[in-house]
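Remarks on the structure that follows.
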Amino acid sequence: MNELEKSRNIINEADELIIEAFKMRMAAVKNVIKYKKVNNLPILDGNREETLKKINLDKLNNKEIEKYYLELLDCLLKVSKDYQKEILNA
């Protein structure tokens, strides 16, 4: 197996982990919106998002890919809010 194949296998494994983590995250998002609905809280919690970014960047601890992680996290946050809106409006 050459280096390209090895790297692609690692990517495939990472993608499987991402899928499982995404399903877990979205299940938690569903619980969050149920709580927010009952307690009349808004979908957007800017403080939570900023705290999440700071904590996760500290965990990432890799300046080279930091901006790409932030882009990914922004996408996840958008998808999470969209999902919450969908559930709230159902």
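The values are calculated or read from the model by the stated rules, or taken from the named source; none is laboratory data. Just so it is clear, the model here is predicted, and its values are computed rather than measured. Methodologically, a virtual Cβ is constructed for each residue, glycine included, from the backbone with ideal geometry; neighbour enumeration extends over all protein chains shown.
If a residue has to be among the polar types (S, T, N, Q) and assigned to a loop (DSSP other than H, G, I, E, B) to count, how many in the stretch 1-49 make the cut? The number of residues fulfilling the criteria is 3. Would it be correct to say that Leu70 is touching a Lys or Arg at 6+ places or on another chain (Cβ under 9 Å), part of a helix (DSSP H, G or I) and at pLDDT below 95? No; evaluated as a whole, the condition is false for this residue. Restricting attention to the stretch 39-90, the residues being among the hydroxyl-bearing types (Ser, Thr, Tyr) and either without any contact (Cβ under 8 Å) to a residue 40 or more places away in the chain or loosely packed, with under 10 Cβ neighbours inside 10 Å (or both) number 3.
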